[in-house]
Each structure stands twice: as C-alpha cells, then as structure tokens.
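> Here you go, one structure.
The values are calculated or read from the model by the stated rules, or taken from the named source; none is laboratory data. Computed from a predicted structure; not experimentally measured. Because the Cβ atoms are built from the backbone with ideal geometry, glycine has one as well, and the counts that use them run over all protein chains shown. Heads up: the accessible areas ignore ligands, DNA and RNA and are worked out on the full protein's heavy atoms, side chains in. Shrake-Rupley method; radii C 1.70, N 1.55, O 1.52, S 1.80 Å.
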Amino acid sequence: MRPAQIVLVLFWLLCIHTPKLFCANVEYDHRALVIDGKRRVLISGSIHYPRSTPEMWPDLIQKSKDGGLDVIETYVFWNLHEPVRGQYDFDGRKDLVKFVKTVAAAGLYVHLRIGPYVCAEWNYGGFPVWLHFIPGIKFRTDNEPFKAEMKRFTAKIVDMIKQEKLYASQGGPVILSQIENEYGNIDTAYGAAGKSYIKWAATMATSLDTGVPWVMCLQADAPDPIINTWNGFYGDEFTPNSNTKPKMWTENWSGWFLVFGGAVPYRPVEDLAFAVARFFQRGGTFQNYYMYHGGTNFDRASGGPFIATSYDYDAPIDEYGIIRQPKWGHLKEVHKAIKLCEEALIATDPTITSLGPNLEAAVYKTGSVCAAFLANVGTKSDVTVNFSGNSYHLPAWSVSILPDCKSVVLNTAKINSASAISSFTTESSKEDIGSSEASSTGWSWISEPVGISKTDSFSQTGLLEQINTTADKSDYLWYSLSIDYKGDASSQTVLHIESLGHALHAFINGKLAGSQPGNSGKYKFTVDIPVTLVAGKNTIDLLSLTVGLQNYGAFFDTWGVGITGPVILKGLANGNTLDLSSQKWTYQVGLQGEDLGLSSGSSGQWNLQSTFPKNQPLTWYKTTFSAPSGSDPVAIDFTGMGKGEAWVNGQRIGRYWPTYVASDASCTDSCNYRGPYSASKCRKNCEKPSQTLYHVPRSWLKPSGNILVLFEERGGDPTQISFVTKQTESLCAHVSDSHPPPVDLWNSETESGRKVGPVLSLTCPHDNQVISSIKFASYGTPLGTCGNFYHGRCSSNKALSIVQKACIGSSSCSVGVSSDTFGDPCRGMAKSLAVEATCA
C-alpha cells in the first residue's frame, strides 16, 4: 500500500471511529450547500434543547432521523446561559455542547442559530434582562454598548463550539450558524442605524472564523457572504438576494404557538407537505421545520406575553416526545420522495412551465437524470393534466413528485401513513399520609401575606414601571398604599386601574376585591373594580404580574409592563374622585414564599390544620406523590386550580392557568387544507381552557416520595388535580385505490417493471406491542375519520376478516388496497380501505 493510500485509510478510520463523524468542508453555490465538494439536499427540523430534557434528547433526535431529517436546528438562548452578566450556566437542560454531541452521535448535522436575539416566543426574545440596565444601551441597532455585549456572547458560544471541535470544519456536526433573526421585519423602524448594524453584525460574525457559512433569516439585504434565508408558511416564491446563494428556508412553520386565552392552532399535514414539495419544486435545497419537536416552556421561559407553557406547535413530534401521526409519517414519505430526486435537484436549475390555470410543472433534467414536480395550486378542483405524453390526476392544492419524470412516487394530498388517536389516563399517585406529613387531604399549605411583608420593600412617590423595578426576578410586584377615608363606613366606591399588563389582583384591607388579565392581543387593560371602604385607614394592595416578557417587535425592550396608572378612586362622597397615582406607594419585588424557598417543599412551616383552605388566593400548597407506573409520558391536570406556578421536586414545570378559557369562536370541526394557511385558519378547543395539562418529564420523578408545590394566586382546590399519562388509543389508516404505493416500494417497482398498487400499513407505536384488535375495517366507500369511521353504501363483507388475519398478533402489518384482495363490492366505483386498530 502506498503512503498516500495509508493516509487515506487512516483518515477514513478516524472519521468512522470517532463521534466527530463529519470531516467536512462546507461551502455553498447558487444551488445548494456544498459539503466536501458535493451539493446536498438537506431536510432539517428545529428542536430547542431547553424545551425538553437531556434524557429526552436521544429519543427525539433518533425519531427525527427516522423521520428523514439530515439536520437539527436550534437557537442558543442568551438569558438561559448568562442570567447574570459574566456568570454562565450550561448545566442540565442548558447543556448546549451535550445536545450538539447527541445530535452528532445520531449522525445528523446541526444548524446553530446563535442570534443572540431569538424571538422564539421566549422570554424577552432571549435577551437577559440585565442588558436593559446597561447605561446608554439600545437593543438591536448601531449602538456601541449593545454591540459590545452581543459580540462578547456570540464569541463565547463560537469559542465553546470550537473548543469542543464541533464545527464541521473541525470534524464536528455544525454546518451552519445564524446571526441576528428576522430583523428585516422591523429594520425600517431603526432607519440608517439599522442598516449599519446589520453590516456590522455580518462582519462581526464572519470574523469569528467558524469555517462554515453564516445565515440571516428574513434579511433581504444580508451582506455577502451571509446567506439570506426565508421564514414563513410557504417558501416557494422566495428568492435569495444574490445568484451566488442557495434558496434556503430556515423556518417552515409546522403549526403555531398556543397562548393563554386562545384556541389551539394546528396545521393539516396535507398543506405542510404541499408547502415542502412546492419549495423543492421551485429550486429550494435546504428546508427546516419550525418546529419538529416544540416541547415545553419550563420555568419562566415563555415570552409573548401570554405564551402558554405548552410549546407543542402541532409539530411532527409532540410536546411529550410522541410521534404525531399522520404528520410525522406523511412527511417522512415526502422526504424519501424528495431524496429520490436529489441527483437531479443538485445538478441543475428547474425548468418551470404552465400546464394550465393554477397548474405548473417543474423539470430538473441533465443527461440521463430527470425528476419532475407537478403542482395544482388551485383550491377548488381536482384536475387531470397531460405531461410528457402521459395523464396525471392532481388533487387540488397538491404536488405530485416524479423521480424519473414518468412515475408518481407521492402526491402530497394522498396520505399513506397511519394516523393515531391519543388519550390521557388518570393515574393513582397517592401515598400513605402520616399525620406528621400532611392533612387528611394529603396537602399542607402556607398563606402568602397580602401586601408588604419583606424587609427589602421600599417607598417611592408615583407608580413605577415593573421591569425597571423587578428586573424580571419574579413575575410579581406589589404596589401598596394606605389612605384615610372620611366617608361613611362600608361605603362602596370604584377602584379604577390602568395597566400596561399583564394581569393584576386587587386587595382592599387584605381581601381580594377583583382580578383582571390582559390577553395576547391586548395586554394593556383598564379595569373598574367595585370596592368597599371603611371609615378611617384603608389599605390598597395591588399585585401586578407578568406572563412572559415581550419577545418581538421594534424597540420591544422599551414597551414596559405594570401599573403605570392612573389609579383612581371613583364615586366618593358628593361624586368626588381621588387620583392615587402620584401618592407615595410602597413596593415589594416578588413574594415572601419565593425568598423563603417554598418551591423546594423542604423549607417553611407548612400548615397541617384540619381546616383546609380551598379557593383562597395567595396560597402555597404542598403534597407528596408516587410516580405513575410504566414509561408513558406524565402530565398534571390542573383542573380545579385558578392561576399560578408549579414545581416538582424543585423543578419549575411552568405557569399554570386552567381558568383562562378560549373565547375565540373561530373553531371548526374540520379544517380544509386547501388554500393558504394562516395562524388563525385551523383552531380547536374553543370555549374551553387553553391549557389544562402540564408536562412533567419522567426524568424529574422518583418512584415515590416526589414533592409537588403550587403557588395559587386566585384561589383553587388542589385536591381536584390529577396525574395522567398519555397513550396511543387507536391506530387508523384510510387509503384509496388511487393512492401511490408507499415510497419504499418505488425502486422495486421501477427495477422489476412490476406494477405495485397502494398498500395500507399499520405499526404499533412501541416495540413490545402487537395489534390486539381491529375495531373497524371497510373496503368500498367508507366514510368518517379516525375514531368515527362508518360504512358507506358499498362495503366488502370480507374486509374485517382479511384485515384481522393479516394484522392481529403482529407489531405491524400491510394489506394491499385492491379488489384483488377484497373482491369488488361495487364495480366501476372508486374504492378505499379504512381501518381502525388497537395495540397492546
């Protein structure tokens, strides 16, 4: 063996036997990212490491890989890692390096979106609040104090990744980095200073010498060599700002985020698949799902304001880490179909022609390699088109993919993948209760004092803005005032309060007089609360609270929250009013219980008296519980509680608010995927609480002796809450005789020349399960949806027995969808097979 050959062999062995499995040079040209000299078509998905746990990461990443992803994309969260200036935290859920290494171990690439502004529905857009207090600072503009801090943190992260040799140029998985984030949406508000800031940010980023390309999303004027990329529901019409840059889509929104007080948004997979296929049809080569797994806003991480604790996002992998079907499965098929076209996609630009109104063909052809995409962008009618001498049926709002320019491997509107119905089962979590541990209810409690109770309170004339006062150390700020009332005893008046948000509770002489929340669309509010004053001294205590700090918009750091007034007593004697705004108020940041560390459950004098306080405001509750048996994901159902925060074994699971009901009347029983999607198009759960179930990661639990602590603001009954586990209740599939066969069969069909027909497949979600029953099977014209199938006018009497024979006792099964299998119950009619099964 020659010396050069020996070196190559050693290099190859080094690459395959170390976790640094990407010995790569990453560049780009006008078609694609170029990795080690080869253009690549890349499918990516966002998973934010702090929105899950390190114990969940390997499974989430493997499911992403199984779903056809090549890249995992994540933001880096500045306020998570540097909560105090110069003091860094990369432990537990914050262990960025461990997350990147976990992705690498699965054989996937990483796109590291450093920002450091991230938006992401994350508190303060990812900025640490201490940044706000630096003298002379202005965020996200040509401002020297801000630029110095931004460069310092960006360099910190780059250096950390370099030290661990995680950039692709060092043999690691990181092939891309991002600087800034969606600045083009708001840059006009900053004028010339915004333009110069973007140029500075680009120069600063590239000077850090990562050896991989940098991107800016939604930044049409991104300076060379920064790649400008697209974010949105559709990316097919996006064009980069230079013919030397590839067409990249950093955020294809797989759904939308949930807000307290809002209905639950979702995005049909037929539309999402259509958007993906259209992007690659029109010349795209890098596409990322935002989100592929959304996760949970643990702690006080949610922004907004009013972003819910759940960040499920209707993603292909749900909040709990369970595959969401049919979204995950159908997209997996789309990814396979696109990868069958990769050789043609990277070789040339598409030739796009019209096949008629709302009909379009895109052909990638070079030499003997050819791939085609046929699109019907109409929203009303299915059509049959002629392409290259053959006829093709195109449902409305769909794309057919032809890897050889002849045979359809997939149509985005025709789903082969099974769907699933999930349910939550209430679990017993009670432990034996000793008299020394809790009351007969299993709960102990401590009352949080109303008003001022801490020694670090202070007084000041006038009403103070909340962020400037609390520095976001707590959601809570007390505004307290005593007045001398000379009117009639028990006289009723009105307390008028104007607040910048986000919610408040008003107490008069220690008693709750009223509460008022804002909402995600209008978090500023005005409220008139009837109050009863007594002759002489009266104490007014206003508890103002935040529900996540603003994370988006020009100058969002200056918007402010809290009770900035006026605060007025109306309806006094002789119709007089009293403006309290400019009086001397006493302030307290946070709660006494927070300072005492009650959230751990191990400190404080917990009350065990027999009179248990239900529906009392400002109450801390504690109980112990055993973890639900098994391995299914766990949640707490907070039905019965009002609003507050919760901790399990000292880990804050987030804000709970099961009483905030979605009043939005825009929900429908079903959502037509045809036509442009928007965040308000498809919604469910109207006139119900936005969120009642709150995820508790299994890794936070012990078999027994777990401690649950609640802080209840408004009043609730903790004895009503329950622990639940999530299971898959049923599997369903509905495949027509006009569906293409599964993508995996396409190669065998083309190689053998044998026509393969559509197939219905079912697979149990867990390896140790088998299909135990067939709840429904019909071949003919079945109707309905999963969980509610019913026979149509035409149905084969053999369907149930054939499916039972093929499936029961197996972990997976496949059945051909044709009259050859079931006989023909209605000649001349289009037919389909619908099945619902259970696994055990």
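> Does LEU545 count as hydrophobic (A, V, I, L, M, F, W, C) and out of contact with any helix residue (DSSP H, G or I) (no Cβ under 9 Å at 6 or more places or on another chain)?
Considered against the rule, which asks whether it is hydrophobic (A, V, I, L, M, F, W, C) and out of contact with any helix residue (DSSP H, G or I) (no Cβ under 9 Å at 6 or more places or on another chain), LEU545 comes out as no.
> When residues of segment 379-414 are filtered for being open to solvent by 10 Å² or more (accessible area, probe 1.4 Å) and among the small types (Gly, Ala, Ser), how many remain?
Going through segment 379-414 one residue at a time, the tally reaches 6.
> Here is a follow-up. Could you please tell me which pairs satisfy a Cβ distance under 6 Å, a separation of 6+ or placement on different chains, a first residue in segment 68-88 that is closer than 19 Å to LYS339 by Cα and in the same structural domain as PRO116 (by the TED database), and a second residue that is in a loop (DSSP other than H, G, I, E, B) and modelled with pLDDT of 95 or more?
Qualifying pairs under 6 Å: ILE72/LEU108.
> If you don't mind, there's one more thing I want to ask. If a residue must be within 12 Å of GLN219 (Cα to Cα), touching a residue at least 12 places away in the same chain (Cβ under 8 Å) and either open to solvent by 40 Å² or more (accessible area, probe 1.4 Å) or over 29 Å from the mean Cα position of the chain (by Cα) (or both), how many such residues does segment 180-193 contain?
Residues in segment 180-193 being within 12 Å of GLN219 (Cα to Cα), touching a residue at least 12 places away in the same chain (Cβ under 8 Å) and either open to solvent by 40 Å² or more (accessible area, probe 1.4 Å) or over 29 Å from the mean Cα position of the chain (by Cα) (or both): 1 in total.
> Scan segment 514-557 residue by residue and report those that are at pLDDT below 95 and of a type in the set (S, T, N, Q).
ASN519, SER520, THR532
> If you don't mind, there's one more thing I want to ask. Has segment 623-635 got any residue that is closer than 30 Å to LEU549 by Cβ, hydrophobic (A, V, I, L, M, F, W, C) and in contact with a strand residue (DSSP E or B) (Cβ under 8 Å, 6 or more places away or on another chain)?
yes
> Could you look through segment 96-115, keep only residues that are farther than 24 Å from THR206 by Cα and open to solvent by 40 Å² or more (accessible area, probe 1.4 Å), and pick out the one that is farthest from the chain's Cα centre (by Cα)?
ALA105
> Then there's this: Would you pick out the residues in segment 163-179 that are open to solvent by 60 Å² or more (accessible area, probe 1.4 Å), in contact (Cβ under 8 Å) with a residue 24 or more places away in the chain and of a type outside the set (Ser, Thr, Tyr)?
GLU164, LYS165, GLN170
> Considering only segment 529-616, give the strands (runs of 3 or more DSSP E) lying wholly within it that have at least 1 residues that are outside the structural domain of LYS138 (by the TED database) and of a type in the set (Phe, Trp, Tyr).
It comes to 584-589.
> Restricted to segment 658-716, and to residues that are touching a strand residue (DSSP E or B) at 6+ places or on another chain (Cβ under 9 Å) and on the phi > 0 side of the Ramachandran plot, which residue is most open to solvent (accessible area, probe 1.4 Å)?
GLU687
> Would you confirm whether or not segment 677-687 contains a residue that is assigned to a loop (DSSP other than H, G, I, E, B), hydrophobic (A, V, I, L, M, F, W, C) and in contact with a Ser or Thr (Cβ under 9 Å, 6 or more places away or on another chain)?
For segment 677-687, residues assigned to a loop (DSSP other than H, G, I, E, B), hydrophobic (A, V, I, L, M, F, W, C) and in contact with a Ser or Thr (Cβ under 9 Å, 6 or more places away or on another chain): present.
> I'd like to check something: does segment 361-372 contain any residue that is at negative phi, open to solvent by less than 10 Å² (accessible area, probe 1.4 Å) and out of contact with any Phe, Trp or Tyr (no Cβ under 9 Å at 6 or more places or on another chain)?
No - not one qualifying residue is present in segment 361-372.
> Also, I was wondering about something else. Can you pull out the residues in segment 516-552 that are farther than 19 Å from LEU580 by Cα and either exposed (fewer than 14 other Cβ atoms within 10 Å of the Cβ) or among the hydroxyl-bearing types (Ser, Thr, Tyr) (or both)?
If the condition is that a residue be farther than 19 Å from LEU580 by Cα and either exposed (fewer than 14 other Cβ atoms within 10 Å of the Cβ) or among the hydroxyl-bearing types (Ser, Thr, Tyr) (or both), then SER520, GLY521, LYS522, TYR523, THR546, TYR552 are the ones that fit.
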